[in-house]
Structures are given as C-alpha cells and as structure tokens.
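To start, the structure itself, in structure tokens.
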There are 2 protein chains.
Amino acid sequence: MKILLIGASGTIGKAVEQALSQDHNVISANYSGGDVQVDLGSPESIKAMFATVGTVDAVISTTGLAKFGAFKELTDADYELALQNKLMGQINLIRFGQASVNTGGSIILTSGILSRKPMAGSAVISMANGALESYVNAAALELESLRVNVVAPIFVKETMAMMGMDTQDGLSAADTAKAYVSAVTGEMNGKTLDVIEFV
Amino acid sequence: MKILLIGASGTIGKAVEQALSQDHNVISANYSGGDVQVDLGSPESIKAMFATVGTVDAVISTTGLAKFGAFKELTDADYELALQNKLMGQINLIRFGQASVNTGGSIILTSGILSRKPMAGSAVISMANGALESYVNAAALELESLRVNVVAPIFVKETMAMMGMDTQDGLSAADTAKAYVSAVTGEMNGKTLDVIEFV
C-alpha cells in the first residue's frame, strides 16, 4: 500500500512509520522536512499536499496542535488553535483527501483518551478529541468508498520520560503504533480505537 | 433562583421556561425578543448580555446553530457555523458567564444524542455535540465555584410533528425540560445528561 503519514516526525509518527515501512510505501508529511510539507492549520496547504502526493491507499494523521493549559488561562487563540488545527486540520484531511484515496482505502485520524478521561488542563484538547470521535462516527455513515477511523492514544511513555513523568501508566510509541497498523489493515469503520486494545 | 435562559423562544426553551417559572425568576434571552437579546455567534454580544443581566444563580442554554445536511454538501461555512455558534457560542457562556454566576450555581448547555448515535446528515452536529460533552466534562475539573453540565436531548416530538415525521421515537418538550430542571436543582457536575433518564 501507498500510505501518506502526516506527522511522521513526531513520537507516535516515527513509530507508525517504522511499523508500516517494511510492508508498505510510506510517504512522510511534516510541517518541515519529510517527503512533503504541510501546515495542518491551512486548508490550502492540505489541498496542495494531496495534489503533490496523488492517489494513495491510506492517509494517517498522527498530529494536530492544541494547548494543554489551565482553564482560566486559556485564550481565544488557544480555542481557535484546537479548533482550526487539531480538529479542522484533521477533518480537512477527510474532506479534501477522500478523492485521493483509492476505493477500499482508509483515513485514520488521532484524538486521545482526554476526550473521555479528562484531566485539569485538558479542556480544549478534550473538546477537539471529543469532536473528532463523534465526527468520524457520523461521517463514516456517508463515506461510501473508504473507511475513516480515529485512534485515541493514552500518554506515550517516551513523551512522559522526556517530561520527567513516571512512565508506568503510559504506552510505548511502538505499542501505540499497533492501533494505527490495525486501522489500516482491518475492516473497522467510524470507530474510535483505544490503543490499549491493540497491544 | 434567578435563571438566565438563552433560547427561551425555541421548542425546548419554552418548555424549560414553563417548568421553571413557577418556582424561579426566569430571564429570557433570544436572538430577537425576550427580556434580553443575544447573538450566540458573537462573543461581544454574549459579554453584553451578561453585563445587562448581572449576577444570576443559573444559566441555561437551549440553543445553538448547526446545519443538518448531507456530508458531501457541507461547506466551510457549515463547519464554521457549528464551531462558532453551537460549540463556541455555548462554551463562551461558560467562559464569559462564570463570573456572573453566584457561588454554588450552575451553567447548563445543550448537545444532543447525535454525538453518540449519529445519523446520515449529522456530521457537523455530531462534531459540535461531541466537543461540548467532552469539554464540559473537562472544564468541570477546574471550575470551583459553579457546576457545569450538558443536556443531550433526543428528537423532540413537537419538532418531529412539525417536520411530518413519526413522533414515536421522540420525547415531548415538556419531558425534555425535566433534565434541565434536574440539572439546575441537582448536584451533578461535568456530566452529559441523557434526557430519557429524567422522564
């Protein structure tokens, strides 16, 4: 399969690329570097990416910006970043990418467990994640030629270690990547995939 | 209690006003008419409403615009309406209204069952509803002086009848209003209230 991976330079993205690249042709897309560049917050940039890459069998996003921060300090700009980048940026991969996906292919987005298990500081991230999960569930009812799913990671051990956190409750990037591989190769449609169920 | 009801002229809003007005002082807010006018899509309008109304014991929203329409016909403007009106308009009632709510009071928003039980045509509504439910769950962790909840109605019988639909699977506006009354008078916080559980 020819797979376009957006966010390939991130912690999860690298692990997904490693897991898929033995059997598949992975095209990496990043904000800078990679095979093709894309600004997820820009609809025009997303359209240009698909024009450059051409048809693919799958699109995977492991990226999307939203700020973790105290509720009372969140600004209008913090809300807009979550809505226009993490949420609409990924939704636009479906809207503007569906015609570039071969029949029977799929598009896989990334939300996160904070939609259903929030923590102090996660308000706009929870908002974007909850929106993505409900949206994909609904959109799948009307997308006829491809599957759409969203992977909901928990904290990644490598990220926790980098932040000086106890990694016990996290999942390694390599284990997290297994949900994306299952989403690409499986038959599920419109689902939120909890990473822990694919380890 | 002094209760600010936004969307008081709507089908659900009228029933909520009727249910609450015997025991409480309900201030009605509508796009036009009512005790005070507000454009939910305008942050400045929301701030002006709270400045006009002053402190209250509860804020209830039974409104928010988002388009029901075929996935392939949804435009950028349809996404923006759902995000800026139904989603951010209601979120801004918390952000800009929390200081106007007396300690121990609450803010109640409206999502809808389409977040979890989507149907063809509901993509942007499902998106907004899912976002609202996850957001309220997260925000409640950091809001110390008030409760925030979201009511998730199913189809309202009166609306179904007006649209020529079979009303069997709907719930009357009066029964739907019971969830809002419970949210105002109860102790729940950060919850999504399924209307069927309050009949």
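Looking across A:A139, A:A173, A:A177, one residue alone is closer than 21 Å to A:M88 by Cβ and open to solvent by less than 40 Å² (accessible area, probe 1.4 Å). It is A:A139. Taken over the range B:108-125, residues that are open to solvent by 10 Å² or more (accessible area, probe 1.4 Å), in contact (Cβ under 8 Å) with a residue 40 or more places away in the chain and at the interface with another protein chain (Cβ under 7 Å from one of its Cβ atoms) amount to 1. Just for the range B:27-40: of the residues that are of a type in the set (S, T, N, Q) and open to solvent by less than 30 Å² (accessible area, probe 1.4 Å), which one is farthest from B:A82 (Cα to Cα)? Ranking the candidates gives B:S28 first. With respect to B:S134, is the statement that it is surrounded by 16 or more Cβ atoms within 10 Å (Cβ to Cβ) and more than 14 Å from chain A (Cβ to nearest Cβ) true? Taking the combined requirement at face value, the residue does not satisfy it.
If only residues of the range A:41-92 that are of a type in the set (S, T, Y) and crowded, with 20+ Cβ neighbours inside 10 Å are counted, the one that is nearest to the other protein chains (Cβ to nearest Cβ) is A:Y79.
The values are calculated or read from the model by the stated rules, or taken from the named source; none is laboratory data. Note that this is a predicted model, so its numbers are computed, not measured. Glycine gets a Cβ as well: all are built from the backbone with ideal geometry, and neighbour counts include every protein chain shown. Quick note on the areas: whole protein, heavy atoms, side chains included, nothing else; ligands and nucleic acids left out. Shrake-Rupley method; radii C 1.70, N 1.55, O 1.52, S 1.80 Å.
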